[in-house]
Structures are given as structure tokens and as C-alpha cells.
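Q: Quick one: structure below, then a few questions.
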Amino acid sequence: MESEDDMHDANDVDSLEDFYSGETAMASDDDGDGDYDFGDNESDGSDDITSHRQQNYTILSEVDILERQEEDILRISTVLSIPRVAATILLRHYNWDVSKVHDAWFADEEKVRQAVGLLEKPVVQFPKSRELTCGICFESYPRDKIYSTACSHPFCTSCWEGYVSTAISDGPGCLSLRCPDPSCGSAVGQDMINVLASEEDKEKYTRYLLRSYVEDNRKTKWCPAPGCDYAVDFVVGSGIYDVSCNCSYSFCWNCTEEAHRPVDCGTVAKWILKNSAESENMNWILANSKPCPKCKRPIEKNQGCMHITCTPPCKYEFCWLCLGSWSDHGERTGGFYACNRYETAKQEGVYDETEKRREMAKNSLERYTHYYERWATNQSSRQKAIADLQQMQAVHIERLSDKQCQPESQLKFITEAWLQIIECRRVLKWTYAYGYYLPEYEHAKRVFFEYLQGEAESGLERLHQCAEKELQSFLNLDGPSKDFNEFRTKLAGLTSVTRNYFENLVRALENGLADVDAHGASSRSSSSKSLGGNGKGKGGRGKGASCRSSGSSRNLEDTDHWSCEHCTFANVRAVTTCQMCNRHR
């Protein structure tokens, strides 16, 4: 889970949710095959940053939860013709599933009543005396000081209050409270709690009941962000698990970790466990230390001399190279500080297994470090981008509006660019976890993955630099600039191009890199379409014009602009070098 510092302004949630879902203007042939198109969709930067689909979840506040809970209780009470308290007990037992309550009740009402403790007839009969004996303290009390559930087991007010208070103090188990008589299963409803509990305990009980509606219901979950009181009602089976709460935290409904699309929950769980486990510490120990030949404790060599003395109480002296006793070293071994026994033994195969294990540990550690550093760097870059967006919305947009003499509504493209950066940093971060667990033997898939990842990362860096540094130059000006409209076009174009790169990357990873066939070679047809025609470049990157569906194509040659074959940016016809990627026309 990300910290609260990793949350951006709640007003931007709508722009972030379902970022890569729904209809896009990506390339597709008439036969409907899903090709990857690195070209820019038809966009002038004024459209929404995302392609929205129908939302498959609802964010619930505490008031919303109470309303839904009350509606379910009322529905059960009306249909089954039972009191509200009994309806609450029934719903609690069946995890607030109205359908299950109906099915069970109409199948065997008597069995259900017995299971949940809704008795129709009292178990015992009160004698007709003025006083009754409490079943706990065995003292006699007037009838108005005696209480009981539907079973009619009599207990005094004082004993009831102690019983209820203890149960509520023990936690949510008080929602399933039964009669104090050990042989009785009669349920204690909220009506008795309201009579017998203190104000503090009644508040706790109400809170437990509210939380049970979320925590016992398979369709709802609390937002896992620290301090957030919102719940999410999710349409189970809808496929996409990414949820954006009103607190601005995005998480995966399935595993409740931070949103990690396109990486699956299993990979995320393994990655998080690896980051927190001791496995990497052990790899470091294996790679950078040697065990004492006597006590086996790991020792790190921190000086140049090969004469090693283990720490007390062992104090064993040995040679770092051959791990032999130092007392055996002398002129016949090449001298005290030039032991050649190790090289000789290595040639004879004595140390091959140990050396192989140490080398494997080093390689494993280096590989993990490579992916983890990039994962963590993108995480910190995302947090910085969130802070920059908040600063932009709070201060800079208003300043820029005044300096450029433009309404804030005309500067929406800047916010959209930063939202794009934030979401792309999240996706890029998790692609490094994906890459770490991609099998080494699937070489073709790895090459294709690294190509897609590299294209997306390159586009993101150009966008981030433009939004971060080039924008700053306009903030430092004292008045309007004639270059601002050109900057608007460039930033909006970069936003669109970067979105396309990441849509391709997300789609490819979610499809398991299906464009690579079983024999380890990329499908020729999809590669030529996905990577931009049949042009060739470094690393096999296509330079041809991007494939587009006929409905979204735009003939830029008939306008005052020309489209770059590499990044598809719409450049002014007068320039001969792409303003986006600096490639010649």
C-alpha cells in the first residue's frame, strides 16, 4: 500500500480511473485483429486523457453504507413479515446477502430460525410471582428488573449489563451474541443492546454493525488507504480490478494492493514478498562473505590482508583465499600473503561447487538490484509528479493564466499531461516486476517486452521533461509569450503519443505477449503492423507510418502539418526536424 504522500488531489480521480480501458482509436484491420500501433490517435489534445468505460464499482460513504444497510433490512422485514431486529440478525448470519436469506427462509423456515436463534416460543415460562430469580447471580428481583430474550431465561439488569459490556469490549463477536444460559441459543438483538448497554457501548455496537455490512459482504471492501472511510461496492466478475477511491488512492479490488495493472496479483504478491523477505540479505551474504571454516559464521573481508581471524569466542585464524588454517601457510604455499593454494585447488576442481554457488548468488543479486532500482525510481518519480501536480493546481495554473492572459479552462492540457505522467509512472514501475519474473528461456518474449517497455519509457521521459522543464520557462516570464501555443501543441501531442505507447504495453502484457509465437519469433504480420510498417531501424524498430483504422485516419499531408514517422507528432510544415523526437523528416 502506498502512503498518504502517494495520493494526489481527489478532484483528479475521474481522470485516472480506468485509464487504459474501453474504446480507443488504436489501429485495427477490417478483420478485427488487435494490432499494436505506436502512432498517435486522432487527437488535438483537447479530448479527455482517458477512454472511459462503464464503471464497474461504486464508492460508498458512511451515509451511503447506512442507507443501503437500512434498505436491505427493510426489504427482508417486509417480505418475510418479521421485526426489524430479526431481519438484522438474519442478514448478519447470511453475510448481508438478501438472496441467500430469501432462499434459505422459504426452503426451511424452522431450520433457519433454529440456526440464527430466532425462537417463536419461549423455552421457559415465568412464574406468576412478583419477584424472579436471576439465572446468574441467583438473587431475587422485581419483574421490572428482569430481562430476557425470546427464550424467557430470566437475568437481572446488572448481570445483563455486565454480560453485554464484556461482549462488546471483546469485539465484533458481540453481533452474534446469544442468551447467557449455556444451553440456550436465543439471539440477543439490537433492541436489547439499546436498553442494556452504555452510550459508549451502543456506539461501538453500531459501528461493528456498520463495518460488518462491508467486511462480511463479498461485494464490498474498505478502501485500504490509511485513514480512508470510504467503501467500494464492486461488480464481481467484471474482469477489471482497478479501483480509484474518492480519497484518490487507486488499488486492486482482488488483492487490495495498490493498483498494479497490467501485472497480475500473483506476480505482485511475489515481488512484494521478495522486497520484504530475507532472501536478498542471504544472497548478499553468499556473494560478499565466506563462512568461518570452524564456526561457520559469515565473515566479510574489510582489509587487504588474507590473514583472517574470526571474532571471539571462535578466534580461528585462516586464509581468506583457500579457507585453510593459517598455521599451515608458509614458504611452501607461496608465502603468508601470496597463497597460491586456492588457484591450484581451483584447477583441480576442489572449489568448483563453492565458486559456482557464490557466482550464482552474485548474479542473482545483481539481477534483482537492476529491476528493484528501476521499480523504486519510478515509484519516487511518481510521488514527485503527484506533488508537482498538486503544486500546479494550487499555484501555477493561476499564475500561468494571468501571465498568458488565458482562462484556466484553456490550460486543462497541462493537468492532463501530469495525470498521464502519474499513471504511466505507476504502470512502468510494475513492468519491472513483470520483467523480473519473465522466464529467461523465453528470449523472444523478453526482446519484445523490452522493446515495448523501452518505447513507452522513452515517450514518458520526453513528456515528463516537457511538462517539468519547458513549462517552467513560461512560469518565469513576466508576460505572455508567442511560443505558448506552440508549447500547448507539443505537450498535448506528447500526452497523446505517450498514452498510445502505454496502451500498447498494457495490452501486450495482459495478453501474455501473445504476438510472440510458440517458437520464440514475433508474428510477422502483427509485428509489421504493431511496430509501424516495414521500415527498419536500430533494434528492429519500425519507422514506417503507423497503421490506423480507416475511421480514425487523418491525412496530415493535406494540411499545414506533417506527421513524424517515428513518433507521429504533428509538426508544422515549415520545420524539417520533428519537434518531439528531433528526427529528420
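Q: How much length would be gained if the chain were fully extended between SER327 and SER140, taking 0.36 nm per residue of separation minus their Cα-Cα distance, in nm to one decimal?
A: 58.3 nm
Q: Can you pull the one-decimal nm distance between simple spin-label points at GLU70 and ASP103, each 7 Å off the Cα toward Cβ?
A: Using points 7 Å along Cα→Cβ, the separation is 3.0 nm.
Q: Between CYS405 and SER473, what length in nm is gained on full extension when 0.36 nm per residue of separation is reduced by their alpha carbon distance?
A: Values: separation 68, 0.36 × 68 = 24.48 nm, distance 1.61 nm.
Result for the pair: 22.9 nm of gain on full extension.
Q: Something else now. At a Förster distance of 35 Å, what's the computed FRET efficiency of THR256 paired with THR166, Cβ-Cβ distance as r, to 0.05?
A: After rounding, the FRET efficiency stands at 0.60.
Q: Taking 0.36 nm per intervening residue step and subtracting the Cα-Cα distance, what contour gain separates ARG585 from GLU450 on full extension?
A: Between ARG585 and GLU450, full extension yields 45.9 nm more.
Q: Grab the beta carbon distance between VAL63 and GLU398, set R0 = 30 Å, and tell me the FRET efficiency rounded to 0.05. Display every interim value, and only then the final one.
A: Values: r = 33 Å, r/R0 = 1.11.
FRET efficiency, VAL63 to GLU398: 0.35.
Q: Cross-link candidates for LYS219: which lysines have Cα within less than 20 Å, leaving aside residues fewer than 8 places away along the same chain?
A: Cross-link targets: LYS100.
Q: Another question, then. Treating cross-link reach as a plain straight distance, find the lysines whose alpha-carbon is under 29 Å from the alpha-carbon of LYS482, omitting any fewer than eight places away in the same chain.
A: LYS403, LYS412, LYS469, LYS490
Q: Pairs of Cα atoms under 8 Å, at least six residues apart: use those to get the relative contact order of segment 219-259, whole percent.
A: On the way: 55 pairs, mean separation 13.1, N = 41.
Relative contact order for segment 219-259 comes out at 32 percent.
Q: Hey, another quick one. Can you list the lysines whose alpha carbon sits under 17 Å from that of LYS290, skipping same-chain ones fewer than 8 residues off?
A: Cross-link targets: LYS301, LYS315, LYS346, LYS356, LYS362.
Q: Applying a 10 Å radius around every beta-carbon, put 458-467, 473-482, 129-138 in order of their mean neighbour count, most first.
A: 458-467, 129-138, 473-482
Q: Counting only other residues whose beta carbon sits under 14 Å from that of TYR141, what net charge do I get with K and R as +1, D and E as -1?
A: Net charge around TYR141: -1.
Q: To continue, here is another question. In what sequence, highest mean first, do 316-322, 392-398, 303-309, 488-494 appear when ranked by Cβ atoms within 10 angstrom?
A: On the way: 316-322: 18.7, 392-398: 15.6, 303-309: 12.4, 488-494: 21.9.
Highest to lowest by the protection proxy: 488-494, 316-322, 392-398, 303-309.
Q: Between CYS265 and THR133, take the C-beta separation as r, use R0 = 51 Å, and let me know the FRET efficiency to the nearest 0.05.
A: 0.30
Q: Only sites in a loop by DSSP and with at most 10 other Cβ atoms within 10 Å count here; which chymotrypsin sites (Phe, Trp or Tyr not before Pro) in segment 357-446 make the cut?
A: Loop-located and lightly packed - TYR441.
None of the figures in this text is laboratory data; all of them are computed from the coordinates on show. The model shown is predicted, which means the values in this text are computed figures rather than measured ones. Glycine also receives a Cβ, built like all others from the backbone with ideal geometry; neighbour counts cover every protein chain displayed.
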